[in-house]
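We did not get these values from a lab; they are worked out from the coordinates using the rules stated. Fair warning: this is a prediction, and the values are worked out from it, not measured in the lab. Cβ sites come from the backbone with ideal geometry, for glycine too, and all protein chains shown count toward neighbours.
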Amino acid sequence: MKMKIMLAAATLAAALASPALAGDPTGLWQTPTNGGQVRIARCGQALCGTLVTSNHIRTDANARDTQNRDTTLRSRTLRNLPMLTGFTGGPTEWRNGSVYNPADGRTYRGTITMTGDNSLNLRGCVVAPLCKTQTWTRIQ
């Protein structure tokens, strides 16, 4: 009986330590620039992410998307701005998504790769090899 309990506990511990559990990117993430916090959620079969707050939003709750290349979108607020859309795949890597950067008003092709339970790499590319990678840290 003790052997079965120990085996079950070892199996549970191995399952909890497995990379598959490190593959859940949903939650609130801290970006390394501008004090940004982005909430990643499931949107149907894909992942999406919205800007919750940033240094600009903390300074002005009504801060606008003034750098957007589409002039018709410049009046929308930065708070709850869609930043990540259309990422598919998993369990630890999601590809073919779009990353909107409000700092320059451009949209990039992106990949999200979980590097642990509480960290991910977001890679955005204009055209490969013109790419930039950021490491985001889970807040919750």
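Each Lys and Arg contributes +1 and each Asp and Glu -1, all at the Cβ; summed about the Cα centre of segment 10-140, the dipole is approximately 320 debye. Gap in Å between the Cα centre of segment 103-118 and the Cα centre of segment 39-100? Between the Cα centres of segment 39-100 and segment 103-118 lies a distance of 10 Å.
Summarising the amide proton neighbourhood of Thr31: residues at separation of 5 or more, or on other chains, whose placed amide H is nearer than 5 Å comprise Gly36, Gln37, Val38. When the scattering of segment 65-113 is computed by the Debye formula from its Cα atoms alone, each counted once and equally, what is log10 I(q)/I(0) at q = 0.14, 0.17, 0.19 Å⁻¹? Evaluating at q = 0.14, 0.17, 0.19 Å⁻¹ gives log10 I(q)/I(0) of -0.38, -0.53, -0.62. Rounded, prolate or oblate: which fits segment 34-133, taking a ≥ b ≥ c as square roots of the Cα gyration tensor eigenvalues, rounded meaning a/c under 1.5, else prolate when a/b beats b/c? It is prolate, given that a/c is not under 1.5 and a/b is the larger ratio.
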